[in-house]
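Chemist: Pasting a structure below so you can have a look.
The values are calculated or read from the model by the stated rules, or taken from the named source; none is laboratory data. Because the structure is predicted, anything quoted here is derived from the model rather than measured. Counting neighbours? That spans all protein chains shown, and the Cβs are built from the backbone with ideal geometry, glycine included. What goes into the accessible areas is simple: the full protein's heavy atoms, side chains included, and nothing from ligands, DNA or RNA. Shrake-Rupley method; radii C 1.70, N 1.55, O 1.52, S 1.80 Å.
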Amino acid sequence: MPEVPRHVAIIMDGNGRWAKKRFMPRIMGHKRGVETVREVVKHCVDAGVQYLTLFAFSSENWRRPPDEVKFLMGLFMEVLNREVSKLHQNQIRLVMIGDRSRFDPLLVNEIHKAERLTQHNTRLTLTIAANYGGRWDIMQAMNRMLQAHPELSQGFDEAQLAPYLSMHYAPEPDLFIRTGGEQRISNFLLWQLAYTELYFTDQLWPDFARDAFDLALKSYQQRERRYGRTSEQLGKG
Ligand code: IPE
Ligand code: IPE
Ligand code: MG
């Protein structure tokens, strides 16, 4: 049996260009992108992936035109309302990571309700990164740790910081996918991607279908994860 990544993290990019190619407003690309999310979630469940983390809105995306930001916030709310009970029926746990302080209190409340409802589900943990930034994550972790343990200001190690990072409940991603052709991290999971296998595809997110996801899984299966060791040490040389 080929090895299935336990944790897949995805930057869902290219919605705007997908719409533009069709002479439609950018927001139509976001709408269509939700379909791809649904498909990818299903596919992860079928393939046996245990953690799927999706970058939905970065700390920097507030710089977009106000109308697009407003639309995206509305879309989160709409999708939460519509999909949470289905996720729950399918035993999927939903977790949101990111800074919630800038969100509408109604949205914060919906997120909280959805997390509480699905918290004991074990089939797949679906994490949505919204108003998330890798640097924000490291800073909030340090601040919270030092508040709880002021004595650590003298020095601390990775294991002491780890429980305060947003994704403390999950193993580090095995496979990172970015659609849309750009080859950058855009302030996604900086700490957690240290040893993740990176996969980039030109396909735009709304076009990223089942076979495209399979290609990414296949590519992962051909990688050799050495974590600093040599091939010979792994017994494969
Ligand atoms: C990704 O698609 C979705 C979000 C960032 C919310 P984009 O909106 O970045 O699409 P492109 O990159 O402009 O095509
Ligand atoms: C990254 O996409 C963030 C999300 C997909 C949510 P962007 O489209 O915002 O990234 P840049 O600006 O091209 O780096
Ligand atoms: Mg983009």
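Chemist: Could you please give the count of residues in region 58-86 that are among the hydrophobic types (A, V, I, L, M, F, W, C), away from ligand 2 (no atom under 13 Å from the Cβ) and open to solvent by less than 30 Å² (accessible area, probe 1.4 Å)?
Modeler: Residues in region 58-86 being among the hydrophobic types (A, V, I, L, M, F, W, C), away from ligand 2 (no atom under 13 Å from the Cβ) and open to solvent by less than 30 Å² (accessible area, probe 1.4 Å): 2 in total.
Chemist: Filter region 163-200 down to residues that are aliphatic (A, V, I, L, M) and within 16 Å of ligand 3 (Cβ to nearest atom) and give me whichever is least open to solvent (accessible area, probe 1.4 Å).
Modeler: I177
Chemist: Among the residues that make up region 144-157, is at least one of them more than 27 Å from Q119 (Cβ to Cβ) and within 14 Å of the chain's Cα centre (by Cα)?
Modeler: The answer is no, given that none of the residues of region 144-157 is more than 27 Å from Q119 (Cβ to Cβ) and within 14 Å of the chain's Cα centre (by Cα).
Chemist: Please specify each residue of region 95-133 satisfying the condition of being open to solvent by 10 Å² or more (accessible area, probe 1.4 Å), assigned to a helix (DSSP H, G or I) and in contact with a Lys or Arg (Cβ under 7 Å, 6 or more places away or on another chain).
Modeler: V108
Chemist: If a residue must be within 16 Å of ligand 2 (Cβ to nearest atom), open to solvent by 10 Å² or more (accessible area, probe 1.4 Å) and within 12 Å of the chain's Cα centre (by Cα), how many such residues does region 28-57 contain?
Modeler: 3
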